[in-house]
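One structure is given below, encoded as structure tokens.
The values are calculated or read from the model by the stated rules, or taken from the named source; none is laboratory data. This structure is a prediction, so every number in the text was calculated from the model and none was measured. Backbone-built Cβ (ideal geometry, glycine too); neighbour counts: all protein chains shown.
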């Protein structure tokens, strides 16, 4: 056998290894092949090839492992149990940028499934190795590392703290200044994942200068970058008044309002979410957003979209209205009530309707004027209908009940309340009757109308427990009328009259 023939054997072996890992990597992209690959013991066959002498084999092996782990938590756990993670972590120190990207992809694919698997990556030194990789000169390598760190951090505060302790934040902030847009996106996303768990973690990111860096990119032409920037600012703002104030002080508003007209649906959603997180903290912050045109922007946004993306806008209006009666009136003036009425009628999802009911309750609970606006939009019967609907979720029923109660307690325009006398259950009815008992003693016109409309007759038909609040309210109403009027409209009185007529003997 010649020397060439001998070398040819090794070349064939190398080609066979390359062909194997390439085929497995390709098959791993198709879910229908995963179970077969797993039952054939693909993990144990791939593991030794991570140390192959040929860099292309190493890289393709890591890619195949990443695709397999990405497919399911079961395969990710198999990878962890096979002690493949330490090899991947050590390979992040490689000089081959393609291999480093592939190794970071595998760590990300494992960490994404659960806090337990993310903890396994951290326990084997993954967070520290990924942070060192953030110092790489290649933007693609840094992007892969930042992405993996984000998947670790997103699960809980403990894992986020592990990423912070590994020294990720300063390097992620440097990534925001990189010219590569893809790297900026992932860095902003990962910073948001770190911030979201606690005020302390958010302060760690803010103290490094994150807000100023993020604020500069709000009007970047790249929609995906804007999504991540606005999301990160929301995660910072949500924790406390002080953090929200820091975001506002970066002169983000009214500049960010332009994003509510962005063609990208998620950019619009995320800027609305940012406003929601700011206005919920204090009347001052809510007023600031109102003053720069935030309410009009959100009302327009609600008119332009459908489904879950409406949720932050609905809640933003509710949080503004909750702060003060003047701010609630600002929501009314901005046509917020009519837009919320549309949301309540158009949206099929119970959780969206529940948020809408809550927001309407925040608007109507302040004064009789606020309550009248909600009532005039014919929303009280709709809220009652959703409350009584057996198909409504428990949360929707609770939100509708609370909204009805808070609006009714301020309602003094009786014609809006009268329809509820016929349909409301006793726990709602007592609030309706209570309002009549408050208004009728002081309004002669209302007393007359209450009789002619059939309201007094209906009140006499209500079955109330003796000594109950409802019975007290009914008594207060009856005291507004002569005894013979009350008796005339009481159930059974017509039979009494007929009986007296039959017994009556003319002179």
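Would you mind finding the one in 5, 58 that is surrounded by fewer than 19 Cβ atoms within 10 Å (Cβ to Cβ) and either in contact with a helix residue (DSSP H, G or I) (Cβ under 6 Å, 6 or more places away or on another chain) or at pLDDT below 80 (or both)?
Values: 58 fails: surrounded by fewer than 19 Cβ atoms within 10 Å (Cβ to Cβ).
Testing whether each residue is surrounded by fewer than 19 Cβ atoms within 10 Å (Cβ to Cβ) and either in contact with a helix residue (DSSP H, G or I) (Cβ under 6 Å, 6 or more places away or on another chain) or at pLDDT below 80 (or both) leaves just 5.
Cβ-Cβ under 6 Å, sequence separation 6+ or interchain: first residue in the range 399-425 and on the phi < 0 side of the Ramachandran plot, partner in a loop (DSSP other than H, G, I, E, B) and crowded, with 19+ Cβ neighbours inside 10 Å. Which pairs?
406/365; 417/411
Residues in the range 386-393: is at least one in contact (Cβ under 8 Å) with a residue 24 or more places away in the chain and under 19 Å from residue 316 (Cα atoms)? Steps first, please.
From the range 386-393, those in contact (Cβ under 8 Å) with a residue 24 or more places away in the chain are 386-388, 392-393; that's our starting set.
Adding the requirement that they be under 19 Å from residue 316 (Cα atoms) leaves none.
Within the range 386-393, not a single residue is in contact (Cβ under 8 Å) with a residue 24 or more places away in the chain and under 19 Å from residue 316 (Cα atoms).
Residue 395 passes all but one of (1) crowded, with 16+ Cβ neighbours inside 10 Å; (2) touching a helix residue (DSSP H, G or I) at 6+ places or on another chain (Cβ under 6 Å); which number fails?
Unmet condition: (1).
Tell me which residues, restricted to the range 348-368, are outside any helix (DSSP H, G or I) and under 15 Å from residue 379 (Cβ atoms). Let's see the steps before the verdict.
Our first condition is that a residue be outside any helix (DSSP H, G or I); within the range 348-368, this holds for 348-349, 365-367.
Result: 365, single match.
Check whether at least one residue in the range 56-65 is out of contact with any strand residue (DSSP E or B) (no Cβ under 6 Å at 6 or more places or on another chain) and free of Cβ contacts under 8 Å to residues at least 12 places away in the same chain, and report yes or no. Spell out how you get there, then give the answer.
As a first pass, look at the range 56-65 and keep what is out of contact with any strand residue (DSSP E or B) (no Cβ under 6 Å at 6 or more places or on another chain): 56-65.
Now drop any that are not free of Cβ contacts under 8 Å to residues at least 12 places away in the same chain, which leaves none.
Scanning the range 56-65 turns up no residue that is out of contact with any strand residue (DSSP E or B) (no Cβ under 6 Å at 6 or more places or on another chain) and free of Cβ contacts under 8 Å to residues at least 12 places away in the same chain.
Among the residues of the range 301-331, write down those that are part of a helix (DSSP H, G or I) and surrounded by fewer than 17 Cβ atoms within 10 Å (Cβ to Cβ).
Matches in the range 301-331: 303, 304, 307, 308, 325, 326.
So is residue 179 assigned to a helix (DSSP H, G or I), in the same structural domain as residue 105 (by TED's automatic domain parsing) and surrounded by fewer than 17 Cβ atoms within 10 Å (Cβ to Cβ) or not? Reasoning before the result, please.
Working: assigned to a helix (DSSP H, G or I): no; in the same structural domain as residue 105 (by TED's automatic domain parsing): yes; surrounded by fewer than 17 Cβ atoms within 10 Å (Cβ to Cβ): yes.
No: the conditions fail for residue 179.
Being under 20 Å from residue 430 (Cα atoms) and either modelled with pLDDT under 75 or part of a helix (DSSP H, G or I) (or both) narrows it down to one residue among 476, 494; which is it?
Numbers: 494 fails: under 20 Å from residue 430 (Cα atoms).
Exactly one of 476, 494 is under 20 Å from residue 430 (Cα atoms) and either modelled with pLDDT under 75 or part of a helix (DSSP H, G or I) (or both), namely 476.
Give the number of residues within the range 216-247 that are within 23 Å of residue 281 (Cβ to Cβ) and surrounded by fewer than 18 Cβ atoms within 10 Å (Cβ to Cβ).
4
Tell me, which helices (runs of 4 or more DSSP H) lie completely within the range 84-128 with 1 or more residues that are out of contact with any helix residue (DSSP H, G or I) (no Cβ under 9 Å at 6 or more places or on another chain) and in the same structural domain as residue 66 (by TED's automatic domain parsing)?
Numbers: elements: 85-91, 97-111, 115-123.
Helices (runs of 4 or more DSSP H) meeting the threshold: 85-91.
Taking only pairs six or more apart or across chains, which ones have beta-carbon atoms under 8 Å, a first residue in the range 292-304 that is within 14 Å of residue 315 (Cα to Cα) and in the same structural domain as residue 253 (by TED's automatic domain parsing), and a second residue that is at pLDDT 90 or above and not in a helix (DSSP H, G or I)?
Within 8 Å, the pairs are 295/334; 299/334; 299/335.
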